[in-house]
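First comes the structure, then the notes that go with it.
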Amino acid sequence: MKKTSLKDIAQKAGVSTALVSYVLNGKEKETRVGEAIAKKIREIAKELNYQPNHLAKSLRSGKTHTIGLIIADISNPFFANIARVVEDEAKRNGYTVIIGSCDENADKSWDMINVLINRQVDGFIIVSCEGSENQVKYLKERNIPFVLLDRHFPDIQTDFVATNNYKASYDAGLHLIRGGYEKIGLMAYKSNMYHMEERIRGYKHALADNGIEFQKSWLKEVKFDAMEREVKVAIDEIMKSEHRVEAIIFATYGLAINGLKYFNELKVKVPSDLAIVSFGQAEVFDLYYCPITFMRQPLENLGKTAVEYLLKNLKNPEEGMKQILMEARLIPRESSKAKSEWLVK
């Protein structure tokens, strides 16, 4: 089937090819094309199913109107949902998004960055993984526009949009303390990533500020690539410890899901045996027999602002650095209700 050309539309509309080009590129105001003619041209283009040649357009402008989005783990609903927000917001602004998941692996992230640079994306939105600092420095040196999303490196000056992880974790700890819990554990990833360090720091400060002495056995750090096995080992250690916790904060959705599965196997009752608060938001938290309290990160705002910052950067590379921390909000559910509500009086 022959592809519709500008000439086909021009012939049917009874106007010049140049005029059709101006209208379909949104430049009719510059050439003072009448509204009726512009409307007619667009209707004919739609009727003939005209598809613009993006390759030719990008060769002329040096822009492909594509954004590379690299996320950490597509199986995590938080990242899947944030990808959808980024995609929708980019589309609204005339950009296509190419999405890849690096599975928390720096080598995979590097491969994807190179593939997307070769695809000539205009810029990147990146959820960084551990060990990817040099990739961020490389993009900076090459003056390739990018925004870090959800995670950033405090030692590298970049545009970023992230959650205030320290405050979120502090609030999670405070919520449990106010509910009458004193022995509170935290399960986190074994990672040097700043967002994870901030979640640990916020948790420890919540305990200290409320006169609770932190015990080393309360903090469990597991490797992402051995999560299922290590979560079980960590829970076994927690449950057998002489300083056994009454409540636990899961620093990520993946940790929470693996933990909840194992609690079911062990027949641990939530919240009477163990109260729970988790990071990450997912429908599954409401479907658990005891709905899970979680920290709601401003997913919609994070995604939209990342796109906004990148597009500003693309339009004006000289614009100053843009960095923002957004607040998470605790959504209380049954899993962390106050001890006084379920203790036998």
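Rule-based calculations on the coordinates, nothing more; no lab input. On a predicted model such as this, the values are computed, not experimentally measured, just so you know. Heads up, the Cβs are rebuilt from the backbone with ideal geometry, glycines too, and the neighbour counts pull from every protein chain shown.
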Exercise. Using the Cα atoms as the points, what is the convex hull volume per residue of the range 6-52 in Å³?
Worked result: 61 Å³
For this session: Would you mind classifying the range 171-267 by shape? Square roots of the alpha carbon gyration tensor eigenvalues, ordered a ≥ b ≥ c; an a/c under 1.5 is rounded, otherwise it is prolate if a/b is larger than b/c and oblate if not.
Result: oblate
Problem set entry | Among 271-283, 91-103, the order from most to least packed when residues are scored by Cβ within 10 Å on average | 271-283, 91-103
Exercise. Among rounded, prolate and oblate, which fits the range 190-230 when a ≥ b ≥ c are the square roots of the eigenvalues of its C-alpha gyration tensor, a/c under 1.5 means rounded, and a/b larger than b/c means prolate?
Worked result: oblate
Exercise. So how many Lys-Lys pairs in the range 6-52 land under 18 Å Cα to Cα, not counting same-chain pairs under 8 apart?
Worked result: 12
Exercise. Distance from the Cα centre of the range 112-132 to that of the range 300-345, in angstrom?
Worked result: 23 Å
For this session: Return one quarter of the surface area of the convex hull spanned by the alpha-carbon atoms of the chain, equal to its mean projected area, in nm².
Result: 22.7 nm²
Exercise. What percent antiparallel are the DSSP beta bridges of the chain, to the nearest 5?
Worked result: 10 percent
Exercise. From Cα coordinates alone, what are the radius of gyration and Dmax values for the range 39-149 in angstrom?
Worked result: 16.4, 55
Exercise. 222 nm [θ] for the chain, helices only, -39500 (n - 2.57) per DSSP H run of 4+, per residue, to 500?
Worked result: -14000 deg cm²/dmol
